[in-house]
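Here's the structure, in structure tokens; my notes come after.
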Amino acid sequence: MINNKLLRRFDELLCQAVDLEATKQHRQGAMSDGDYVDNDLYLAWKAKAKNLLALACGEQSEHYKAFTSNEKGNYGTNAQILINLKSLIAGAKEDYAGGYCSSARSLIQAEVFDSELDQATELLNSGYHPAAAVIAGVVLETTIRQMCDEEGIVHGKLDKMNSDLTKAGRYNVLVQKQVTALADLRNKAAHGQNDQFSKDDVKNMIAEISRFVAERV
């Protein structure tokens with residue numbers, strides 16, 4: 001899923017690169033003949049850009065690897081290197097906006113979630129629906145926490161994180177209410193209130209959490 005906050009960050013860093021280019025000055029000397037941009041701003045921009053690539057594309061992506069390779073700058077001034085790095089960020093933005101960047105972490109996390117939800121389904125089919133509800137609830141909360149990380153939201157109680165994600169525009173109020181209901185069922189199972197929900201309730205819970213994860217991880 002494309003994160004609009006990360007997409008905006010690409011635009012911000014590309015604009016900052018243009019501003020950074022405006023600081024370019026020519027230096028002439030035995031060790032520094034050429035055009036240079038403000039080095040402090042340049043180092044800060046590189047760190048922010050590299051962090052964005054890690055979040056949006058993953059550290060194993062070609063975009064991240066190319067950026068890391070080009071930033072070393074064994075040859076050329078920092079102004080020349082900046083031109084190359086800015087082009088890499090622009091290319092990464094295009095791929096991210098088109099849905100072609102899936103971080104390794106996200107892919108692995110999706111596989112883990114699928115496995116845990118399969119385990120919950122097996123427990124449900126074996127007659128252990130309270131345990132199935134607890135496991136499915138863990139997947140839900142882990143997904144919520146991951147989304148908070150992506151939005152820069154501090155972890156807290158599930159209700160608070162759910163509300164903060166809604167305020168951040170990650171999903172609407174209807175989804176917020178759905179998450180609240182699913183979390184409530186998980187809490188009942190975790191506290192042994194098994195008479196307050198049925199096997200069918202847990203079956204629906206697993207299906208809803210599976211859809212929730214598929215749409216957002």
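Readers should treat all values here as calculations from the given coordinates under stated rules, not as data from a laboratory. This structure is a prediction, so every number in the text was calculated from the model and none was measured. Methodologically, a virtual Cβ is constructed for each residue, glycine included, from the backbone with ideal geometry; neighbour enumeration extends over all protein chains shown.
A compact table of results
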| read-out | value |
| --- | --- |
| For the stretch 68-91 and the stretch 109-162, distance of Cα centres in Å | 41 Å |
| Cross-link reach list, lysines versus K46, counting only Cα pairs under 18 Å and skipping chain neighbours closer than eight places | K24, K65, K72, K86, K93 |
| Net length gained if the chain between Y75 and R27 were fully extended (0.36 nm per residue, minus Cα distance) | 15.7 nm |
| Structure-derived Rg and Dmax of the Cα atoms in Å - corresponding label in [x] 33.0, 121; [y] 23.0, 82; [z] 18.4, 55 | [y] |
| Under the Karplus curve 6.51 cos²θ - 1.76 cosθ + 1.60, θ = phi - 60°, whole-Hz ³J(HN,Hα) for the stretch 185-200, x wherever Gly or Pro sits | 5, 4, 5, 4, 5, 5, 9, x, 8, 5, 7, 9, 8, 10, 4, 5 |
| Relative packing of peptides 45-53, 119-127, 15-23 - highest average C-beta neighbours within 10 Å first | 45-53, 119-127, 15-23 |
| Tensor-based shape of the stretch 46-106 (alpha-carbon gyration tensor, a/c under 1.5 rounded, otherwise prolate or oblate) | prolate |
| In the stretch 136-217, lysine pairs with alpha-carbon atoms under 22 angstrom apart (chain gap of 8 or more, or interchain) | 11 |
| Helix 4-21 vs. the chain, principal-axis angle (Cα, 0 to 90°, nearest 10) | 10 degrees |
